[in-house]
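Structure record follows, encoded as structure tokens.
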Amino acid sequence: SQTIHQWPATLVQPVGSPLSLECTVEGTSNPNLYWYRQAAGRGLQLLFYSVGIGQISSEVPQNLSASRPQDRQFILSSKKLLLSDSGFYLCAWRVGIGTDTQYFGPGTRLTVL
Amino acid sequence: AQSVTQPDIHITVSEGASLELRCNYSYGATPYLFWYVQSPGQGLQLLLKYFSGDTLVQGIKGFEAEFKRSQSSFNLRKPSVHWSDAAEYFCAVGRLGGGADGLTFGKGTHLIIQP
């Protein structure tokens, strides 16, 4: 069966510090991978998606970036965090043509102080 | 562009009572529709999905949803709620044909269960 992992689970970082969040998927090959952000009182906002190694599409301009160095690894990064980057970050994966079912990881709670 | 509206930010229901959470979507073609549930501090769990066929869809945990094309709605229902159903519920729409870009989510409905 497929599983998706995210780490760290929680993170508290000062403004201006760098960020690296990691997501890995097990039990599947060539998944589509997604990063979403959930800010307090708001829905889920798609940040990035990737259809393959090295292929990243950005949905929202911001100071965040994403990379996919391996088939089942997706990384969210920032060189300098802003207060507005605080939120709950969710990674998701999807496999299959003709369906859009996405499966979500447990999330990372990021607080920028 | 597709969009999803969940008109109710909060809903309070007594334990054992029936539940209906509303979802309206805007999309130019036949959509894929989903309901997810999120417990506090957790990821999202898929409750059910609609792709085609029978417009009444059964999901996990006793939930069901009905797709009504004429009303552009996909409301979630449960005949009798349990305290463990207290959570955030998200409706989402995807594109027929499986676009690589992600789902579009509503802003969620927070469900509170009264004893």
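The values are calculated or read from the model by the stated rules, or taken from the named source; none is laboratory data. Keep in mind that what you see is a predicted model, and the values were worked out from it rather than measured. When we count neighbours, we look across all protein chains shown, and the Cβ atoms used for this are built from the backbone with ideal geometry, even at glycine. Accessible surface is based on the protein model in full, side chains and every heavy atom, while ligands, DNA and RNA are left aside. Shrake-Rupley method; radii C 1.70, N 1.55, O 1.52, S 1.80 Å.
Key figures
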read-out: Residue within the stretch B:11-31 that is in contact (Cβ under 8 Å) with a residue 12 or more places away in the chain and within 11 Å of another protein chain (Cβ to nearest Cβ) present; value: yes
read-out: Extreme residue, least open to solvent (accessible area, probe 1.4 Å), among residues of the stretch A:46-60 that are more than 18 Å from A:ARG72 (Cβ to Cβ) and more than 8 Å from chain B (Cβ to nearest Cβ); value: A:LEU47
read-out: Failed condition for B:GLN42, given (1) in contact with a strand residue (DSSP E or B) (Cβ under 8 Å, 6 or more places away or on another chain); (2) facing another protein chain (nearest Cβ under 8 Å); value: (1)
read-out: All positions within the stretch B:52-63 that are open to solvent by 40 Å² or more (accessible area, probe 1.4 Å) and in contact (Cβ under 8 Å) with a residue 12 or more places away in the chain; value: B:SER52, B:THR55, B:ILE60, B:LYS61, B:GLY62
read-out: Candidates A:ARG68, A:ARG37, A:ARG72, A:ARG42, filtered to the one that is closer than 16 Å to A:THR3 by Cβ and not β-branched (Val, Ile, Thr); value: A:ARG72
read-out: Any hit, the stretch A:11-27, residues being within 14 Å of another protein chain (Cβ to nearest Cβ) and open to solvent by 50 Å² or more (accessible area, probe 1.4 Å); value: no
read-out: Residues being touching a residue at least 60 places away in the same chain (Cβ under 8 Å), open to solvent by 10 Å² or more (accessible area, probe 1.4 Å) and not aromatic (Phe, Trp, Tyr) - total across the stretch A:95-111; value: 4
read-out: Of the criteria (1) outside any loop (DSSP other than H, G, I, E, B); (2) surrounded by fewer than 19 Cβ atoms within 10 Å (Cβ to Cβ), which one B:LYS49 fails; value: (2)
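Matching residues to (1) under 30 Å from B:CYS23 (Cα atoms); (2) touching a residue at least 40 places away in the same chain (Cβ under 8 Å); (3) in a strand (DSSP E or B):
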position	(1), (2), (3)
A:LEU21	no, yes, yes
A:ARG37	yes, yes, yes
A:GLY41	yes, no, no
A:VAL60	yes, no, no
A:SER65	no, no, yes
